[in-house]
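No value in this document is a laboratory result; all are computed from the given coordinates. This one's a predicted model, so the numbers in the text were calculated from it and none came from an experiment. With ideal geometry, Cβ positions are generated from the backbone for all residues, glycine too; neighbour counts draw on all protein chains shown.
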Amino acid sequence: MRPQDNIKRELNLTPFQALFKKEIMRFWKVVGQTVFTPLVNASLYLLIFGVSLGKSITLSSGISYLAFLIPGLVTMATLNNAFQNTSSSILGSKFHGDIIDLKVVPLTLNQIVSAFSLGAIVRGLTVGAITFMVSEVFYFATMGEFLSIAHPFQLLFYLTVGGVTFGLLGVIVGFWARNFEQVNAIGGFVLLPLIYLGGVFYSLENLHPFWQKISQMNPLLYFVNGVRYSILNHSDVPAEKAMMISLISVVVLYFLARRSIQKGSFQKW
């Protein structure tokens with residue numbers, strides 16, 4: 001294809017398509033960092049916790065600990081990468097000074113939020129799918145069979161809604177932050193504890209009733225258990241409650257993301 005044809009094709013994109021494509025190309029250009037690094041992390045979790053320590057852990061449900069762990073890792077990979085995609089994109093634009101372009105392009109608030117969210121969910125689902133494929137390799141090597149998915153459409157629902165929710169959270173944090181330290185603080189002191197205390201590695205039944213009630217205030221618990229129910233047909237919380245809280249979370253964060261763009265900072269750092 002001639003260079004002028006490429007230019008013409010780019011000019012034919014709507015502003016929404018251009019922003020969405022920018023979000024995809026941004027993480028795809030550094031695919032080794034954005035996709036394969038999480039893959040290494042998931043493999044280490046599976047090897048250390050699922051295979052090595054999992055042999056000595058018995059769950060009352062009769063499910064092997066490796067099978068219990070896999071849905072949590074898939075959820076963690078999807079949600080964390082969705083958050084990283086939007087927050088790092090906005091921070092990078094602030095650093096380079098092109099974030100102000102969003103003020104002048106013919107895009108509505110809904111289109112900006114939607115383009116960022118779609119980019120986040122593409123990266124989140126890509127990493128989540130790769131994490132699940134690697135998990136299947138570990139499961140087959142350990143158990144001699146593949147882990148089947150009990151409810152595939154519900155699995156797609158929870159991962160999509162969860163990815164969008166955390167993509168929106170990244171938009172909120174990205175526009176709110178005034179420097180990289182503030183974003184790192186949110187990631188280290190808020191996001192990471194929510195993920196690790198959201199039932200990725202443990203079951204609620206193993207906690208004291210007091211800590212069970214505290215854990216039930218964590219919205220991550222419902223995303224993790226929604227995915228766990230979708231794969232294993234087993235969950236620590238009712239599937240209907242997990243679905244309802246997931247939908248409420250994405251609606252609330254959508255409006256907060258719109259608000260953050262209206263009131264957020266567009267200044268270059």
Quiz item: Considering only Ser135, Leu69, Gln267, whose Cα is most displaced toward the positive end of the charge dipole of the chain, charges sitting on Cβ of Lys, Arg (+1) and Asp, Glu (-1)?
Solution: Gln267
Exercise. For the range 84-178, state which trypsin sites (Lys or Arg not before Pro) are in a DSSP loop and have at most 14 other beta carbons lying within 10 Å of their beta carbon.
Key: Arg178
Quiz prompt | Radius of gyration and Dmax over the Cα atoms of the chain, both given in Å | solution = 19.6, 66
Practice problem: Find the relative contact order for the chain and round it to a whole percent, using C-alpha pairs within less than 8 Å whose residues are 6+ positions apart. | Solution: 26
Self-check item: Computed FRET value (nearest 0.05) for Met133 with Ser56, which takes r as the C-beta separation and R₀ as 25 Å
Solution: 0.40
Quiz item: Which FRET efficiency value, to the nearest 0.05, do you get for His96 and Val40 by plugging their Cβ-Cβ distance into 1/(1 + (r/R0)^6) with R0 = 35 Å?
Solution: 0.75
Exercise. Along Cα→Cβ, 7 Å out, is where each label goes; now give me the distance between the ones at Lys103 and Arg178 in nm to one decimal.
Key: 1.8
Practice problem: Can you tell me the dipole magnitude for the chain around its Cα centre, using point charges on the Cβ only (Lys, Arg +1; Asp, Glu -1), in Debye to the nearest 20? | Solution: 880
Self-check item: Distance in nm between pseudo-label sites at Met217 and Lys263 (7 Å out along the Cβ direction from Cα)
Solution: 2.3
Quiz item: So which helices of the chain fit the span-like rule, where a helix is a whole DSSP H run, its Cα atoms reach 30 Å or more along the axis, and its mean Kyte-Doolittle is at least 1.6?
Solution: 152-176
Exercise. Please name which of Leu191, His208, Met243 has its Cα lying farthest along the dipole of the range 143-269 towards the positive end, using unit charges on Cβ (Lys, Arg +1; Asp, Glu -1) and the Cα centre as origin.
Key: Leu191
